[in-house]
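The values are calculated or read from the model by the stated rules, or taken from the named source; none is laboratory data. Predicted, not measured: the structure shown is a model, and the values here were computed from it. Heads up, the Cβs are rebuilt from the backbone with ideal geometry, glycines too, and the neighbour counts pull from every protein chain shown. Heads up: the accessible areas ignore ligands, DNA and RNA and are worked out on the full protein's heavy atoms, side chains in. Shrake-Rupley method; radii C 1.70, N 1.55, O 1.52, S 1.80 Å.
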Amino acid sequence: MHDLRNPLNVVRLNLVVAREVADDAERVEVIDDAQAAAERAFGLVTDLLDVSAAEDGLLRVERGAIDVGALIARAAAAWSGAAGFARLDVETASIVAALDAKLIQRVLDNLLGNARRHLAPRGRIGVTVARAYDEVVITISNDGPTLPDAVRRTLFQKYAGESTSGRTRGLGLYFCRLVVEAHEGTIRETAPAEGVCFEIRLPIKPRGQTITDAAVRPPA
């Protein structure tokens, strides 16, 4: 996978540089870059393993009563100091739902990272959460370029579409789809007139079920 090879190559090269530089401040900067790349590689490997487990019906949703608004506020706060955008606007409400907090957190991190990568210069990311009847509705938007229809149609498929580098996008959005559908929810790109907006709809509680573990199944 090109997406995995790239951060591992950054780690490899930065570790070589770290052994050669004499300036302590420069060494710290190089090590920080290597650590960030290693964390990205770890995330890609985790997605790969979890997608494989999901396709085999082995990844499990461990539901618990969580405050979705608080979870989203924490996820957004972790990105608020990151370079690359001028503003991150968050509108949350306290909504308790039966979800797997760790899996939903990873979905949010995937979408926020995606939003950051495709921002307009000094752009804006918007995050909202609200209740609509028996569902919690989460949106994550950015003011980057709109998506062509051909890209939108395959957005959540495994290894779907082409990136700006000509490489496949990888597993991030496919993993998001697996997790959301495992929660009996839906995820889509809403095709706004400007920018990009992802909308997630999740039931407040499992439909026709008590709050118990449920196996994650791959989408048809």
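Taking the conditions (1) out of contact with any helix residue (DSSP H, G or I) (no Cβ under 7 Å at 6 or more places or on another chain); (2) at pLDDT 90 or above; (3) under 26 Å from Glu39 (Cβ atoms); (4) not aromatic (Phe, Trp, Tyr) in turn, Cys176 satisfies each one other than (1). Cβ-Cβ contacts under 9 Å between residues 6 or more apart (or on different chains), taken from a first residue in segment 117-136 that is within 18 Å of Ser80 (Cβ to Cβ) and at pLDDT 95 or above to a second residue that is open to solvent by 30 Å² or more (accessible area, probe 1.4 Å) and small (Gly, Ala, Ser), are absent. The set of residues from segment 42-91 being at pLDDT 85 or above and more than 18 Å from the chain's Cα centre (by Cα) comprises Glu62, Arg63, Gly64, Ala65, Ile66, Asp67, Glu91. Checking Ala191, Ala214, Ala150 one by one, the residue that is in contact with a strand residue (DSSP E or B) (Cβ under 9 Å, 6 or more places away or on another chain), farther than 17 Å from Val107 by Cβ and either at pLDDT below 85 or surrounded by fewer than 19 Cβ atoms within 10 Å (Cβ to Cβ) (or both) is Ala191 and no other. Glu184 meets all of the listed conditions (1) modelled with pLDDT of 90 or more; (2) outside any loop (DSSP other than H, G, I, E, B); (3) open to solvent by less than 80 Å² (accessible area, probe 1.4 Å) but one, namely (2).
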